[in-house]
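A single structure is presented below for examination.
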């Protein structure tokens, strides 16, 4: 409202006491007020621009207030010059036009493209749907197209006797025969036939053009010609003339199954059958209703395009109601080409510049503001009474009765209030009034207010002591017994600008202020609610007290107060519910809130969930211009902007008008939203969503487009989708109509999608499409097998290389050890053996000189013999040291000799077994194996208490295996690594490690013992053997 910002009171000739005390507060408020006023002016300006201009995809209300009108212009993608409309059973709405055939899903127009290899004329004049769901389209210059799913059939003019030139209509009868009305006459194509047949006098139809056809519910076929109308009953084969007429027109069947036709040169709309006529029929047979095209909707109303206007004739009441719509009322063009009713009951109108949709509104317009851009004050009574601005309604269905002159800019009504005594108070820019029925009496205001050059009363309320409070914004006043007191005589309210007043429970009065501040007045005391300090809702706009607290709305949001804590209400999709100036709590606890962005409904269940979980995002239903609620809630007043009547209906005030809405009957759309998958794109290519689709092998990212064919409120349709094999649960897509998947592995997938209409009704059938991503060359099984083989070969090669390096290191080590053995052999030969040999020679010479009778001679000869044996043994050792290879059977002999020696000593049986052909071993291998074998045999004979010890020595191409086995007591688990302080077993393991051999022990208590030593052929055999080291 003009001047409804919180303006500072301006006085003339009156000194303001305590002015310095409130100067700072006033300066702060000036900034807020100036900003508020600027915002209001901008809103008014923008609203005037909205009314003056055309906004695409926005619901503009026609004069008929029970419908919502939406239009799409050519700039929005609508086909230019659309001339016919049809809807196929799958839900698509189709438009024919001079530039192509289009289909529409409520969000976008898409030009139809025939299948690859087929062509189609760009200009089509008429379209329709056959009884099997096939769409037919007639080309402007001849030819017919039949379209259903992936099927596309073409009838060319002159081919198989198909008529030439433009066509009027096409239908298929119950026998499956296809009929075509054309300038050349009526043609039929029986099911299974390939040749068209022209109707003639033999069939009861003369040589005449036929413009329109109709197959009624009884199976009768009607044909409209320029000079007559013909009919062929279901069981007959001939047409008969049923009516004379002049000019062209159309045929239609009404909901009561009566048949009607139009005649551009005749008298309006004519009923053909049944022949009995009444007032309705005679009313329609008027020249003013002459038209070519027309529609009879499901309610029985007639829609007639004529001379750039759309005429609607309703027969719901006793007298016919005629309404006219043109571009001045929001139609998209000056010429109406076609009118059509869809499956949901919406009316579609094609004009020369766009497409229009009108559908039933959920809101009913009650009144419009007297002053442009200003909302109307509201007040409801418990007995069904209603006050809207200056009008009084004894009942909402009754005509309004004014109780004050129609408001002007100077006397706008700013607040209405009914006190507990039933008295109605009216605040306006020209003062405060008290109503007595339909008469009003002015209430004397205090001089301080009357001396103001202008003032606005924002709110009225009465306390428990029958004191009337009013708020001027910066100041509050209380009147009791005709006496006014500033701030009610309460100092706590001096610096408290009041924006909202509401009587509460327990004889309290709730006051809302700036900065999320709430005061409660009870028993003459003012209590400031500290819990609201961090509410962050800005200026308080509405308060609804409850027994345990209150619901409070502000410019920044909505909160629930339970008497101790504040719960901020946040909705799904990050909705904050700002700018709520009307709050109503229903008897069942449901919350309705009128805001700057629409009307919200939050169920009581959601509020309970919020109080149990402060982080809960409440689910809500939003009503706005798409439901017929035009305009936004007034941001600053009059307040409240919504009330509940005694009949349970909601009265909603916006800057564009006041609306009536029954929340118990919200007009739920019970038609599910059929889902369609419109395309799949992958690897830069687009594909039709057909079954068994195989995408490119490089398609690791896939985009799937889908839509829902719900036209009541398509922008509110919600989707869920799931890709089998990827998604474990349904993905909530909201209103998005595209799903994108990346990094998809090769395989077969099925994409499923379902949708819910604007009222949450889900289409459980949904839609699905299967596709396959073939593997690339690098993803095939044989390629992976090849890679595995290559990896195995590389691993084997690395193993061979590692073995080669290890063997080379061992070979070098062996060569070093061989050289060391040779050095030791030389040193023994050149030192010890030579010295011993010299001593033997010396002592031999001495013995020869001794007489035979000398007692020492025999003893010395024995000593010399022993020395000679030592000398021979030393030479043998030197020979072994100097040789890197042992004899074939030397290891066998050594082990056998040692074993029999131990067997004789311990009186235990001993067996020596040799398998395979003995081969020459490397000397150090011989020595280490001999040492290991000796230690194993020594332990067996000495500690195992066996009855038999066996040594098994095996030679083969893989290497040498030495096994020492006894049948003794076995080795305890804790002794298998050797006895403490004894190094025999540990030495065996160390010798095996130095050889690069494996050593294993198999034993058990009472089960005997087996030592098994294995060394590879490369390490064991000499270079002259069957295998070499390198």
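Just the residues that are modelled with pLDDT of 90 or more, surrounded by 18 or more Cβ atoms within 10 Å (Cβ to Cβ) and more than 17 Å from residue 944 (Cα to Cα), please, taken from segment 993-1013.
997, 999, 1013 - these are the residues of segment 993-1013 that are modelled with pLDDT of 90 or more, surrounded by 18 or more Cβ atoms within 10 Å (Cβ to Cβ) and more than 17 Å from residue 944 (Cα to Cα).
Just to be sure I understand, how many residues within segment 307-316 are crowded, with 16+ Cβ neighbours inside 10 Å and over 11 Å from residue 269 (Cβ atoms)?
So the answer is 5.
Considering (1) closer than 19 Å to residue 552 by Cβ; (2) touching a strand residue (DSSP E or B) at 6+ places or on another chain (Cβ under 9 Å), say which one residue 615 fails and leave the rest.
Every condition holds for residue 615 apart from (1).
Among the candidates 494, 486, which residue alone is more than 29 Å from residue 367 (Cα to Cα) and in contact (Cβ under 8 Å) with a residue 60 or more places away in the chain?
494
For residues that are surrounded by 13 or more Cβ atoms within 10 Å (Cβ to Cβ) and in a loop (DSSP other than H, G, I, E, B), scanning just segment 737-771, find the one that is modelled with the highest pLDDT.
Looking at the filtered set, the residue picked out is 737.
Consider residue 387 against the criteria (1) surrounded by fewer than 23 Cβ atoms within 10 Å (Cβ to Cβ); (2) farther than 30 Å from residue 133 by Cβ; (3) touching a strand residue (DSSP E or B) at 6+ places or on another chain (Cβ under 8 Å): it satisfies all of them except one. Which criterion is unmet?
So the condition that residue 387 fails would be (1).
Inspect segment 955-967 for any residue being in a loop (DSSP other than H, G, I, E, B) and touching a residue at least 60 places away in the same chain (Cβ under 8 Å) and give the result as yes or no.
For segment 955-967, residues in a loop (DSSP other than H, G, I, E, B) and touching a residue at least 60 places away in the same chain (Cβ under 8 Å): present.
Would you check which residues across segment 400-426 are assigned to a strand (DSSP E or B) and either crowded, with 20+ Cβ neighbours inside 10 Å or in contact (Cβ under 8 Å) with a residue 60 or more places away in the chain (or both) and list them?
Listed by number, the residues that qualify are 413, 414, 415, 416, 417, 424, 425, 426.
Only one of (1) modelled with pLDDT under 80; (2) under 29 Å from residue 955 (Cα atoms); (3) in a helix (DSSP H, G or I) fails for residue 891. Which number is that?
Answer for residue 891: the failing condition is (1).
If you don't mind, there's one more thing I want to ask. Only one residue in 620, 659, 706 is in contact (Cβ under 8 Å) with a residue 40 or more places away in the chain, within 30 Å of residue 471 (Cβ to Cβ) and surrounded by 15 or more Cβ atoms within 10 Å (Cβ to Cβ), so which one is that?
Within the list 620, 659, 706, the selection yields 659.
Which one of these does residue 662 not meet: (1) out of contact with any strand residue (DSSP E or B) (no Cβ under 9 Å at 6 or more places or on another chain); (2) outside the structural domain of residue 575 (by TED's automatic domain parsing)?
The failed condition is (1).
Return the residue satisfying two criteria in turn: it lies in segment 188-201 and is surrounded by fewer than 20 Cβ atoms within 10 Å (Cβ to Cβ) and in contact (Cβ under 8 Å) with a residue 24 or more places away in the chain, and of such residues it is farthest from residue 240 (Cα to Cα).
194
Of everything in segment 517-562 that's touching a helix residue (DSSP H, G or I) at 6+ places or on another chain (Cβ under 7 Å) and closer than 22 Å to residue 616 by Cα, which residue is surrounded by the fewest Cβ atoms within 10 Å (Cβ to Cβ)?
562
Take segment 305-334 and flag every residue that is farther than 23 Å from residue 80 by Cβ and assigned to a strand (DSSP E or B).
Hits for segment 305-334 are 311, 312, 313, 314, 321, 322, 323, 324.
I'm trying to understand the selection: among the residues of segment 696-712, which are assigned to a loop (DSSP other than H, G, I, E, B) and modelled with pLDDT of 90 or more?
709, 710, 711
Among residues belonging to segment 353-371 that are over 15 Å from residue 599 (Cβ atoms) and assigned to a loop (DSSP other than H, G, I, E, B), point out the one that is modelled with the highest pLDDT.
Among those residues, the one meeting the criterion is 353.
Follow-up question, since we're still on this one. Among 373, 380, which is the only one that is on the phi > 0 side of the Ramachandran plot and in contact (Cβ under 8 Å) with a residue 40 or more places away in the chain?
From the options 373, 380, the qualifying one is 373.
How many of the residues making up segment 427-452 are part of a strand (DSSP E or B), in contact (Cβ under 8 Å) with a residue 40 or more places away in the chain and closer than 24 Å to residue 640 by Cβ?
The qualifying residues number 1.
From 271, 234, 277, 217, grab the single residue that is exposed (fewer than 15 other Cβ atoms within 10 Å of the Cβ) and either part of a strand (DSSP E or B) or in contact (Cβ under 8 Å) with a residue 60 or more places away in the chain (or both).
Of the residues listed, the single one that is exposed (fewer than 15 other Cβ atoms within 10 Å of the Cβ) and either part of a strand (DSSP E or B) or in contact (Cβ under 8 Å) with a residue 60 or more places away in the chain (or both) is 234.
Turning to a different aspect of this structure: Test each condition in (1) surrounded by 15 or more Cβ atoms within 10 Å (Cβ to Cβ); (2) within 31 Å of the chain's Cα centre (by Cα) for residue 126 and report the one that comes out false.
Here residue 126 meets the rest and fails (2).
State the number of residues belonging to segment 676-695 that are at pLDDT 85 or above, part of a loop (DSSP other than H, G, I, E, B) and over 25 Å from residue 87 (Cβ atoms).
Total meeting the criteria: 3.
With (1) under 30 Å from residue 109 (Cβ atoms); (2) assigned to a helix (DSSP H, G or I) as the list, and residue 787 as the residue in question, which single condition is left unmet?
Against the list (1) under 30 Å from residue 109 (Cβ atoms); (2) assigned to a helix (DSSP H, G or I), residue 787 comes up short only on (1).
The values are calculated or read from the model by the stated rules, or taken from the named source; none is laboratory data. Being a predicted model, the structure only gives us computed values, none of them experimental. No Cβ is skipped: glycine too gets one built from the backbone with ideal geometry, and neighbour counts run over all protein chains shown.
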